[in-house]
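Student: Please find one structure pasted underneath; my questions will follow.
The values are calculated or read from the model by the stated rules, or taken from the named source; none is laboratory data. Note that the structure is a prediction, hence the values are computed from the model and not measured. Every residue, glycine as well, gets a Cβ built from its backbone with ideal geometry; the counts of neighbours run over all protein chains shown. Note: accessible area is taken over every heavy atom of the protein model, side chains too, but ligands, DNA and RNA are not part of it. Shrake-Rupley method; radii C 1.70, N 1.55, O 1.52, S 1.80 Å.
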Amino acid sequence: MRSPEELAALFESHNLTRLEYEEGGVRLVLERQPVNIQYLGYPAAASHLTAGATSGQLLGDASTLFSDAGAGVDGRVSAFGAGGVGGADGAGGGGTLVSNHAAGNQAAGSPSGSPVGSAANNTTFSAINPSDILVTAPLLGIIYRSAEPGSEPYATVGEHVNAGDVLCLIEAMKTFNQVTAPVGGTITAAPAENGRLAEYGDLLFAIAADSAVR
Amino acid sequence: MLRRVLVANRGEIAARILRACREMNIETVAICSEADRGALFTTLATRSVCIGPASAAQSYLDQQAVLNAALLTGCDAIHPGFGFLSENAEFAALTRDNGLVFIGPSPEVIALLGDKDAARRLAREQGIPVVPGSQGLVGDAEAAEQVAGQLGYPVLLKAASGGGGRGIRVVAEPGELSSQLAEARAEAKACFGNDDIYIEKLITAPRHIEVQILGDSHGNQIHLGERDCTLQRNRQKVIEEAPAAAVPEELHQRMTADALRAARAVGYENAGTVEFILTPDGEYYFIEMNTRIQVEHPVTEMITGINIVREQIRIASALPLEFSQADVRFEGHAIECRINAEDPAHGFAPCPGTIEHLHLPSGFGVRVDTVAHPGYIISPYYDSLLAKIIVHGRNRHEAVLRMRRALEETLFTGITTNLGLLYMVLYSPDFLYNRIDTGTVERNLDTMLGALKEEVML
């Protein structure tokens, strides 16, 4: 006999729209109802108020939100050139981490108060092992994956790093802040995109710690 | 006109500013902490960026983080709202030094009026009556005792860097002064970074009357009338009204004239509020001037039809005011009730929690400023203001009836609020006959709470 939790997990992982389960005089039906939302001006607010019941992207690529997109930040041509060294690694493939920030919160030990529908960073990357250490942005700023334009990135997927090694830089107000590895291990994901604006708490890297029990 | 504004605040005031900008086709950036990620106010902005963890000190109060967000998102101005960095002269200067417009007065004016003792001196120089008190800061306990002795007890010890009802202590008798002074200094140092204290005579049974000021960068200053903010608890306003029914025309003329005198003396730009104490004998005294938009600004908007936040943005865009003092008309009467997530039955302890269901009032003459919604998480990191319910009527009586009706329609489940208490106040004879002072709520608290329990409202 399967538990409701197992069924719910099955429902989610296989992205079903309807599941009926009957055994031992108990019948359980899980059904995904499409939500019809009419909104005029605030798609993000509409999704937010329906507690994330909608599917799809909530906030689009930030670079398209402003009237001077392309000339502004975040998608702007950085000193390193658009799509320069060390773009978002591990994109595509594998599964999707449900919420970038929820995972970041848990890793950082802060209250998991992220409201439903807050997945502002819909980066898709390879499935991360739950025991991986997540490295999140300690401040708002521009990500730089290497010390100088054209030089080798500090860290890439698959590479081994030691505790304290610089993984990337975040520039804020002309000062460059180093983001360092909290533990020694192997980089399993690097969604940190060179030249992009990282918000506080955005996922930059995931590390499979050397000491992790598999 | 400003092109892109960063709103350095959260909750309902952030929503207020974001909405005003949107109506003016101004792009906006909302900042938020981790606790506010995905909050409704962030979705009202063109874009939002998370700048720090939940703690206000590391997010909304972090000057570098806020400025950084404005620069990185290409904003040309920052609106600080109220609280947080709104009256921080250092931040206003930092903003200006980085080529951005701070939507408010200049850093110099903020600093001057933020020094409450210096502001009193300014008022005195302008011939504006100030609350009897020390001629400047007090030195040691001995000097303080001398001043207090001359004034007559009880007296108030006030932090020069305080304001907004904070950093105030009552000294009822001479014997207490020395220890209270020491504590007041320690508290002021901890809260405001500065332990300067001045003394004021404690006026008994006062009313709190404040005048809204607007000044532009072309040398024009006007007033938008007064507000009565007498109903307070723990020195925080609970219910506000405009105009002040207790202020007859002649007094209104004198008080608004004095408020303008203070504003002109400093060449005040943008929105500000001059606060007075009104005694039962009809004497008024200047207390302080606040260099920000205030929580209760909606009651002024309801009686004047003027969008104060819009005017703030226009003024910051270096545009002149479109209307003169003669154009300002006052129609009817407005009342605002502040709904806080707190428990009146347990010392008004803040009650973080999640709203299950809510129903907000609407209809003729009702305005609600809030970002509350079903599922809204009230976190413990910020203040407990949940919603402002504002009504307008042709006169005070109609406004009172309308507010009662609006409160009756208001429903919050899953959390505890002061809604029931507000309702009791709206039905109390003291309120109806406007026989109130700043101590009314606290004096009648037990009676009102008792009545609420009977009505099974708590």
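Student: Please check segment A:178-201 for residues whose accessible area, probe 1.4 Å, is lower by 30 Å² or more when all protein chains are in place than in their chain alone.
Tutor: Correct list: A:Leu197, A:Glu199, A:Tyr200.
Student: Compare each residue of segment A:135-152 in its chain alone against the assembly with all protein chains, and report those whose accessible area goes down by 20 Å² or more; 1.4 Å probe, heavy atoms.
Tutor: A:Leu140
Student: Among the listed pairs B:Lys116/B:Lys189; B:Lys116/B:Lys237; B:Lys201/B:Lys388, which have their C-alpha atoms separated by more than 22 angstrom in this model?
Tutor: B:Lys201/B:Lys388, as the Cα separations exceed 22 Å there.
Student: Quantify, in whole percent, the carbon and sulfur part of the accessible surface of segment B:266-425 (1.4 Å probe; protein heavy atoms only).
Tutor: Summing carbon and sulfur atoms, their accessible area is 52 percent of the total for segment B:266-425.
Student: Next question. At 1.4 Å probe size, with the rest of the protein present, what percent of the exposed accessible area of segment B:132-201 is carbon and sulfur atoms?
Tutor: 48
Student: Can you tally the net charge around B:Thr279? Count Lys and Arg as +1, Asp and Glu as -1, for every other residue whose Cβ sits under 11 Å from the Cβ of B:Thr279.
Tutor: Taking every Cβ under 11 Å from that of B:Thr279, the sum is -1.
Student: Additional query: Divide by every residue of chain B the summed helix terms, -39500 (n - 2.57) for each DSSP H run of at least 4, and state the resulting mean residue ellipticity at 222 nm, rounded to the nearest 500 deg cm²/dmol.
Tutor: Calculated mean residue ellipticity at 222 nm is -10000 deg cm²/dmol.
Student: Could you do me a favour and compute the accessible area per residue for chain B, 1.4 Å probe, result in Å²?
Tutor: 37
Student: Let me ask you something else. Roughly how big is the A-B contact, given as buried accessible area in Å² (both sides, 1.4 Å probe, nearest 100)?
Tutor: Summing both chains' loss of accessible area gives about 2700 Å².
Student: Using r as the Cβ-Cβ distance of B:Glu408 and A:Arg18, and R0 as 56 Å, what FRET efficiency do you calculate, to the nearest 0.05?
Tutor: Working from the Cβ atoms, E equals 0.80.
Student: Membrane-span-like helices in chain B: DSSP H runs reaching 27 Å or more (Cα, own axis), mean Kyte hydropathy at least -1.0?
Tutor: none
Student: What distance in nm separates the two pseudo spin-label positions at B:Gln146 and B:Ala186, each 7 Å out from Cα along the beta-carbon direction?
Tutor: Here the answer is 2.7 nm between the modelled labels.
Student: Next up: Figure the gain on full extension for B:Arg254 and B:Glu90 (residue separation times 0.36 nm, minus the Cα-Cα span) and round it to one decimal in nm.
Tutor: Length gained between B:Arg254 and B:Glu90: 55.6 nm.
Student: Here's a follow-up. Express in Å², to the nearest 10, the accessible area of A:Arg18 obtained by rolling a 1.4 Å probe over the protein heavy atoms while all chains stay in place.
Tutor: Per-residue accessible area (A:Arg18): approximately 110 Å².
Student: Which order do you get for B:Asp446, B:Asp115, B:Asp327 if you rank them by accessible area with a 1.4 Å probe, largest at the top?
Tutor: B:Asp446, B:Asp327, B:Asp115
Student: While we're looking at this one, here's another question. Label points 7 Å out from Cα along the Cβ direction at B:Phe364 and B:Arg124: separation in nm?
Tutor: For B:Phe364 paired with B:Arg124, the spin-label model returns 5.3 nm.
Student: Also, quick follow-up: With the crude spin-label approximation of a point 7 Å out along Cα→Cβ, what separation in nm comes out for A:Asn129 versus B:Glu283?
Tutor: 7.9
Student: Looking at segment B:14-42, which residues lose a minimum of 20 Å² of accessible area between their chain alone and all protein chains in place, measuring with a 1.4 Å probe and not counting ligands or nucleic acids?
Tutor: Residues losing area: B:Arg22, B:Glu27, B:Glu34, B:Arg37, B:Gly38, B:Leu40.
Student: In what sequence, largest accessible area first, do B:Glu241, B:Glu356 appear using a 1.4 Å probe?
Tutor: Correct descending sequence by accessible area is B:Glu356, B:Glu241.
Student: Measure off, as a whole percent, the carbon and sulfur share of the 1.4 Å-probe accessible area of segment A:127-190, all protein chains present.
Tutor: 53
Student: Taking Cα pairs under 8 Å and at least six residues apart, what relative contact order does segment B:207-454 come out at, in percent?
Tutor: 20
Student: Probe 1.4 Å, all protein chains in place: accessible area of B:Arg254 in Å², nearest 10?
Tutor: 110
Student: Run the dipole for segment B:207-454 about the Cα centre, Lys and Arg Cβ at +1, Asp and Glu Cβ at -1, nothing else charged, and hand back the magnitude in debye, nearest 20.
Tutor: Result for segment B:207-454 is approximately 240 debye, rounded to the nearest 20.
Student: How much of B:Met1 can a 1.4 Å solvent probe reach, expressed as accessible area in Å² and rounded to 10?
Tutor: The value for B:Met1 is about 120 Å².
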